[in-house]
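Shown next, in structure tokens, is the structure this report addresses.
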Amino acid sequence: MRTIVTLLFLILPLVGLLAQQTTPLSEAEFEVHRAQIAGQSFDSKRLLKAKELSDVQYLYVSQIEAIIKGFSLESNKLEYAKYAYSTTLDAANYPNLVALFRLSESKEALKGFLSKREIPVVPQASEKTVTIEEPASDNESSVVEITTGPKPIDDPSFAAAKRSVSEESFESAKLRRAKQISDANYLLAGQVKELLDLLSFESSKLEYAQYAYDKTYDQANYEIVKEGLKHSKSKETMTAFLKNKPVTTYQQKKEVVKANLTPVANTQTPNTPSTIVMSQGDFINAQNQITSQTSDSKKLEEAKAIANKNNLSSEQIKSIVGIFLFEDNRLEFAKYAYAKTVDQENYDLVKAALEKENHKFLEDYIKHVDKKMAENTLATGPSELSSEDFEALKHKLKGLALESHKLERAKIIVDRSKISAMQVKQINDLFELEETRLDFAQYAYSKTLNPQDYSIVREALTKTTSKYALDRFIKAQKK
């Protein structure tokens, strides 16, 4: 039996000082850049610094918004909003920036700009395909065929990229966009010439012809590019440039190796959903798929289909909500996606994307869903916490990454409200480590309203030593 596993690796731009980085900046990294921009003494210098960042780094719309808020002049805000569009990771959210402008003419100018632009080309991934010949038995070695190497941009993506260059109004913007496309993709020599033909000035043509060489898939055919130059001096300069450049042959490589494969048991039961949030690359593609629909109703239908098939975060749901034109559809999707969101404790992010009059509708819906979930899943026993509050507590605990933080938060809750033995058990189920479960079981015992039922907690411990330790602890507490 043959199993094909496709692993995607992001092609990081390695060419030139202006190669765009597509890996998103962390919050701390972005804050450093934002502070540097804001620290400039004049608005013109802040604009220049912001453009320099967009030249080398793809940004989220929320990050562009934070930079724009640092400008004093409306004209500079608009100029940067237009400038940064082509290096935006989540361009589907770009209409959100319109609200930043005070003047109606600025708002209309940005809307007009966006109406004439297609979604920017986000750097593609190159594929690494692994073909595994599975062994007849667990003891036999397996033949693994690995296919690696860059792939040239496909025709539909290149057509979109070419349109994005032609739509730019100024020569400098066209040159910048062409460079971005070369940074993000491997192009064929003929495609480089097509982009060259979109430039008007000979100096721009020569600059791009030299710039694009290193990321050209078939460098041996680069004479085609030279034909796009008009002046003999430019052609001579290009000939001298090529003489000093090695010809790299990019191609898909296949390697066949033998490997001993150790079967890995699937620890996830069929009824246990995966909690891995949709990757950023896949989410960007999903956003573009929604945006490409021809009507708001079709966008809603596509968004629901994506929510059904993937685990989404509140931040991602908020981004999708912003795509819809009609508020009714925004509210409907916000309701629909709630039960399918992995971090429901952060759903206020989604509420903030709705108009204020719809906040109460969403809140009431969430309360109704949480109540039903509590009624269907909990038999908690006596407790000072309502079912809704206890569910909210569990959501918050699930959202914490560190075991120590979960334990600290759980202890704070039981310090404030006495809970039932069943609730102690359910909180313990959220911990990964046995020692954490024992720690919390001992801590919560004196704060439990029905300690006579603590056997529920005891039986949920996995190690016999932990059970005996809890027995000794309870016995000591009764003295």
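The values are calculated or read from the model by the stated rules, or taken from the named source; none is laboratory data. Source: prediction; values computed, not measured. Every residue, glycine as well, gets a Cβ built from its backbone with ideal geometry; the counts of neighbours run over all protein chains shown. Ligands, DNA and RNA are stripped out before the accessible areas are found, and what is left, the full protein with its side chains, is counted by its heavy atoms. Shrake-Rupley method; radii C 1.70, N 1.55, O 1.52, S 1.80 Å.
Being part of a helix (DSSP H, G or I) and either under 22 Å from residue 95 (Cβ atoms) or open to solvent by 30 Å² or more (accessible area, probe 1.4 Å) (or both) is the filter; apply it to the range 32-45 and report the residue that is modelled with the lowest pLDDT. Let's see the steps before the verdict.
Start the filter on the range 32-45 by keeping residues that are part of a helix (DSSP H, G or I), which leaves 32-38, 43-45.
Narrowing further to those that are either under 22 Å from residue 95 (Cβ atoms) or open to solvent by 30 Å² or more (accessible area, probe 1.4 Å) (or both): 32-36, 38, 44-45.
Values: 32: 81, 33: 86, 34: 88, 35: 84, 36: 86, 38: 86, 44: 88, 45: 88.
Once the filter is applied, the top-ranked residue is 32.
Take the residues in the range 47-69 that are closer than 21 Å to residue 98 by Cβ and among the basic types (Lys, Arg), then tell me which one is surrounded by the fewest Cβ atoms within 10 Å (Cβ to Cβ).
Here the residue is 69.
Can you tell me which residues in the range 461-479 are under 41 Å from the mean Cα position of the chain (by Cα) and open to solvent by 30 Å² or more (accessible area, probe 1.4 Å)?
462, 463
Go through 408, 403, 375 for me and flag whichever is open to solvent by 50 Å² or more (accessible area, probe 1.4 Å), at pLDDT 85 or above and farther than 14 Å from residue 449 by Cβ.
Of the residues listed, the single one that is open to solvent by 50 Å² or more (accessible area, probe 1.4 Å), at pLDDT 85 or above and farther than 14 Å from residue 449 by Cβ is 408.
Might you check whether a residue that is open to solvent by 30 Å² or more (accessible area, probe 1.4 Å), farther than 30 Å from residue 159 by Cα and free of Cβ contacts under 8 Å to residues at least 60 places away in the same chain occurs anywhere in the range 87-101?
Scanning the range 87-101, I find at least one residue that is open to solvent by 30 Å² or more (accessible area, probe 1.4 Å), farther than 30 Å from residue 159 by Cα and free of Cβ contacts under 8 Å to residues at least 60 places away in the same chain, so the answer is yes.
Return yes or no: is residue 434 closer than 30 Å to residue 315 by Cα and surrounded by 12 or more Cβ atoms within 10 Å (Cβ to Cβ)?
On the way: closer than 30 Å to residue 315 by Cα: no; surrounded by 12 or more Cβ atoms within 10 Å (Cβ to Cβ): yes.
So residue 434 fails the test.
Taking helices (runs of 4 or more DSSP H) that do not extend beyond the range 179-228, which have at least 2 residues that are closer than 15 Å to residue 152 by Cα and open to solvent by less than 10 Å² (accessible area, probe 1.4 Å)?
Numbers: elements: 189-196, 202-211, 223-226.
Filter on the range 179-228 gives 189-196.
So residue 111 fits all but one of (1) touching a Phe, Trp or Tyr at 6+ places or on another chain (Cβ under 7 Å); (2) closer than 23 Å to residue 160 by Cα; (3) at pLDDT 85 or above; what number is the exception?
It is condition (1) that residue 111 fails.
Considering only the range 336-348, state which residues are surrounded by fewer than 17 Cβ atoms within 10 Å (Cβ to Cβ) and closer than 13 Å to residue 320 by Cα.
336
Have a look at 172, 72, 106 and point out the one that is open to solvent by 30 Å² or more (accessible area, probe 1.4 Å), modelled with pLDDT of 60 or more and in a helix (DSSP H, G or I).
Result: 172 is the single residue among 172, 72, 106 that is open to solvent by 30 Å² or more (accessible area, probe 1.4 Å), modelled with pLDDT of 60 or more and in a helix (DSSP H, G or I).
Identify the residue in the range 411-425 that is in contact (Cβ under 8 Å) with a residue 40 or more places away in the chain and under 16 Å from residue 386 (Cβ atoms) and, among all such residues, is surrounded by the fewest Cβ atoms within 10 Å (Cβ to Cβ). Explain how you work it out, then say what you get.
Restricting attention to the range 411-425, the residues satisfying the condition of being in contact (Cβ under 8 Å) with a residue 40 or more places away in the chain are 420-423.
Still in the list and also under 16 Å from residue 386 (Cβ atoms): 420, 422-423.
Working: 420: 23, 422: 19, 423: 28.
Residue satisfying both the conditions and the ranking: 422.
What's the number of the condition residue 367 fails, among (1) surrounded by fewer than 16 Cβ atoms within 10 Å (Cβ to Cβ); (2) in contact (Cβ under 8 Å) with a residue 40 or more places away in the chain?
Of the numbered conditions (1) surrounded by fewer than 16 Cβ atoms within 10 Å (Cβ to Cβ); (2) in contact (Cβ under 8 Å) with a residue 40 or more places away in the chain, the odd one out for residue 367 is (2).
What are the residue pairs meeting all of these: first residue in the range 345-360, first residue within 11 Å of residue 317 (Cβ to Cβ), second residue of a type in the set (A, V, I, L, M), Cβ atoms under 7 Å, and 6 or more apart or on different chains?
Close Cβ pairs (under 7 Å, with a partner that is of a type in the set (A, V, I, L, M)) amount to 347/366; 350/317; 350/321; 350/334; 351/362; 353/321.
Only one of these is open to solvent by less than 20 Å² (accessible area, probe 1.4 Å) and at pLDDT below 75: 123, 150. Name it.
The conditions single out 123.
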